[in-house]
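Okay, structure first, notes after.
The values are calculated or read from the model by the stated rules, or taken from the named source; none is laboratory data. Computed from a prediction, not measured in an experiment: that's the story for all the values here. As a convention, Cβ positions derive from the backbone with ideal geometry for all residues, glycine included, and neighbour counts pool all protein chains shown.
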Amino acid sequence: MREHISIRMKYILLVLVFISALSSCTINKNIMFKTDTDFVYDIPPSDTVNANYRISPNDIILFRLFTNDGAKLLEITTSTDGANTRFFNIGDITYQVQADGRCKLPEIGLVQVAGLTVIETQAMLEERYKIYYNEPYAVVQVMNNRVIVFPGSGGDAMVITLANQNTTVIEALALAGGLADRGDASKVKLFRNVDGVQKTYLMDLSTIEGIQYAQMVVQANDIVYVQPVPEIAREVLKDVSPIVSIVSGVALIYAIFVRNI
């Protein structure tokens with residue numbers, strides 16, 4: 001009888017251990033964007049400084065228009081008169097680019113802006129407003145340009161607004177607080193959508209040679225992902241601890257049960 005109970009308890013113990021192992025296996029589950037060893041990364045573009053952002057659907061643009069080739073703008077920026085300053089601020093109105101790439105602007109209505117650079121958009125709007133104003137001067141700024149940075153540790157990710165259109169990878173990482181303690185400087189990945197095609201660049205910033213990648217200019221909607229260093233020992237210990245507790249508890253119950261038979 002005692003032997004039969006012993007065998008049954010062993011089976012129960014094995015089942016409990018197996019179920020616990022399946023339910024609690026979370027070793028390095030927080031590592032995203034994993035790639036196979038034979039994954040072929042894209043080659044980073046050689047010229048990123050002169051790569052101008054093209055307006056996309058759902059962008060928010062700030063639009064200002066001045067006459068006489070911007071003479072009023074020059075007067076406002078050089079004047080200390082408070083009235084002129086208020087006049088300048090009143091013109092700071094934002095407009096959203098619709099899903100079809102068009103934007104509705106005063107007097108001229110819907111205009112196609114998606115796919116154009118800021119310079120091209122300004123030139124196009126100046127041409128369109130010529131029939132209404134004398135020597136129009138357009139100022140356009142994309143307000144929602146941003147990049148997402150994962151510095152290598154959970155809970156530290158940041159969405160960074162690109163106030164400077166020439167923001168580099170190293171600047172974006174600095175704005176995010178630098179690499180986390182667990183971040184792997186040799187595995188910095190940059191994800192970018194180029195004409196509808198997803199590009200993946202791998203940068204090694206652990207050596208001085210990586211400065212060429214650190215100076216790469218980020219673009220709107222880029223994702224900079226620093227891959228965390230796997231913490232296998234710590235994760236295994238964290239997963240095994242509940243199993244050890246269960247096994248110890250079952251063994252204690254079994255010992256008490258057998259002793260009382």
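Search the range 128-176 for residues being hydroxyl-bearing (Ser, Thr, Tyr) and not assigned by TED's automatic domain parsing to the domain that holds Val111, and hand back the single one that is modelled with the lowest pLDDT.
Result: Ser153.
May I ask you to verify whether Leu22 is modelled with pLDDT under 80, closer than 20 Å to Tyr132 by Cα and either surrounded by fewer than 11 Cβ atoms within 10 Å (Cβ to Cβ) or not assigned by TED's automatic domain parsing to the domain that holds Arg192 (or both)?
No, not satisfied.
Restricting the range 184-242 to residues that are among the hydroxyl-bearing types (Ser, Thr, Tyr) and more than 20 Å from Val40 (Cβ to Cβ), which is modelled with the lowest pLDDT?
My answer is Ser241.
If I filter the range 66-78 for residues that are part of a strand (DSSP E or B), at pLDDT 90 or above and either surrounded by 14 or more Cβ atoms within 10 Å (Cβ to Cβ) or among the basic types (Lys, Arg) (or both), do I get at least one hit?
The answer is no, given that none of the residues of the range 66-78 is part of a strand (DSSP E or B), at pLDDT 90 or above and either surrounded by 14 or more Cβ atoms within 10 Å (Cβ to Cβ) or among the basic types (Lys, Arg) (or both).
What number of residues in the range 192-211 are in a strand (DSSP E or B) and surrounded by fewer than 16 Cβ atoms within 10 Å (Cβ to Cβ)?
Summing the residues that are in a strand (DSSP E or B) and surrounded by fewer than 16 Cβ atoms within 10 Å (Cβ to Cβ) in the range 192-211 gives 4.
I need a count of the residues in the range 159-172 that are buried (at least 16 other Cβ atoms within 10 Å of the Cβ) and not acidic (Asp, Glu).
Total satisfying the criteria: 8.
Please work out if Asp184 is farther than 19 Å from Leu62 by Cα, within 14 Å of the chain's Cα centre (by Cα) and among the acidic types (Asp, Glu).
no
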